[in-house]
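Here is the structure we will look at, set down as structure tokens.
The values are calculated or read from the model by the stated rules, or taken from the named source; none is laboratory data. All of these numbers come straight from a predicted model, not from anything done at the bench. Note: ideal-geometry Cβ built from the backbone for every residue, glycine included; neighbour counts use all protein chains shown. SASA here: full protein model, heavy atoms, side chains in, ligands and nucleic acids out. Shrake-Rupley method; radii C 1.70, N 1.55, O 1.52, S 1.80 Å.
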Amino acid sequence: MKRRDSIKAILVGTVASSVLVDACKTADEKANAPEASSSTTPASTIDRTKVEAEIEAKLMAETFFTPHEMATITILADIIIPKDEVSGSASEAGVPDFIEFIVKDMPQNKTPMRGGLRWLDLESSKRFQKAFKDCSAQQQIAIVDDIAYPEKAKPEMKQGVAFFNLMRNLTSTGFYTSEIGVKDLGYIGNRPNQWNGVPDDVLKQYGLAYTEKELKECVSFDAKA
């Protein structure tokens, strides 16, 4: 299985769950939510409560990562989910901006991310005498290979492994909750369906059959079509 397929398999359950949770909100819950203030609603058109809109606007106005750090994050994100024949790369899906936002929204990620990026540059400087973002693609992959597989990584790579695990989690979450990522999963949204009842061969296997009333009132889609 390709690396991208593995990440997709892990994330599809999480993404599907969040979609279902939102879809299962009752009309009353949505109706009781405070209306978003037009003066604080950010550029996003996503439905927000007033409090959520204010928090989002505040976070969007802040900057956490430096340009150097964002360049490194972009490279790592595209190593984790590169462009392929199906869809665009992580950076094309907006993953670096997602990570910038999420560390501000979840501050507990700030130190692990910044510390991990510094570790990466120190390790790169030690091996190749330059920052990670300035290394060749081959040199970058050489470092990533040493921290991307926790079970095979050497003990001295422990900090790098922890950072890459976080980076991989944020990248996959950002990608598969983006428009590009959702299309990559093949999710087409909730669609109406027709159920024509249990197939005849299955009914016969268990000695069962629909009554005339059931056929007329419950499993008659084909007749109405």
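How about segment 147-186: which trypsin sites (Lys or Arg not before Pro) there are in a DSSP loop, with at most 15 other Cβ atoms within 10 Å of their Cβ?
Lys152
Which residue, chosen from Ser89, Pro112, Thr66, occupies the Cα position most advanced towards the positive end of the dipole of segment 59-185, where the dipole is computed from +1 (Lys, Arg) and -1 (Asp, Glu) charges on Cβ about the Cα centre?
Pro112
Using the beta-carbon distance between Arg191 and Ala162 and R0 = 25 Å, what value does 1/(1 + (r/R0)^6) give for FRET efficiency, to the nearest 0.05?
Calculated transfer efficiency: 0.05.
Where Rh is the Kirkwood radius over the Cα pairs of segment 150-223, the temperature 10 °C and the viscosity 1.306 mPa s, what D in µm²/s does Stokes-Einstein return?
Stokes-Einstein gives a translational diffusion coefficient of 90 µm²/s.
Expressed as cubic angstrom per residue, what is the convex hull volume of the alpha carbon set of segment 59-185?
110
How much of Arg127 can a 1.4 Å solvent probe reach, expressed as accessible area in Å² and rounded to 10?
70
Filter Lys130/Lys158; Lys104/Lys152; Lys130/Lys152; Lys50/Lys110 down to the pairs with a C-alpha to C-alpha distance above 29 Å, please.
From Lys130/Lys158; Lys104/Lys152; Lys130/Lys152; Lys50/Lys110, over 29 Å: Lys104/Lys152.
So what is the relative contact order for segment 59-185, in percent, with contacts set as C-alpha pairs under 8 Å and at least six apart?
Taking the mean separation of contacting Cα pairs over the length of segment 59-185, I get 31 percent.
Given +1 on the Cβ of Lys and Arg, -1 on the Cβ of Asp and Glu, and no further charges, what dipole in debye does segment 59-185 carry about its Cα centre, rounded to the nearest 20?
Values: 14 positive and 18 negative charges, 106 e Å.
Using Cβ point charges on Lys, Arg, Asp and Glu, segment 59-185 gives about 500 debye.
Going by Cα centres, segment 122-149 and segment 167-211 are how many Å apart?
41
What does a probe at Lys126 reach in segment 150-184, counting residues whose amide N is under 17 Å from the point 7 Å along Cα→Cβ?
153-164
Show me, for segment 186-197, the HN-Hα J-couplings you get by feeding each phi into the Karplus relation (A = 6.51, B = -1.76, C = 1.60, θ = phi - 60°), rounded to Hz, glycine and proline as x.
x, 6, 10, x, 6, 10, x, 9, 10, 10, 9, x
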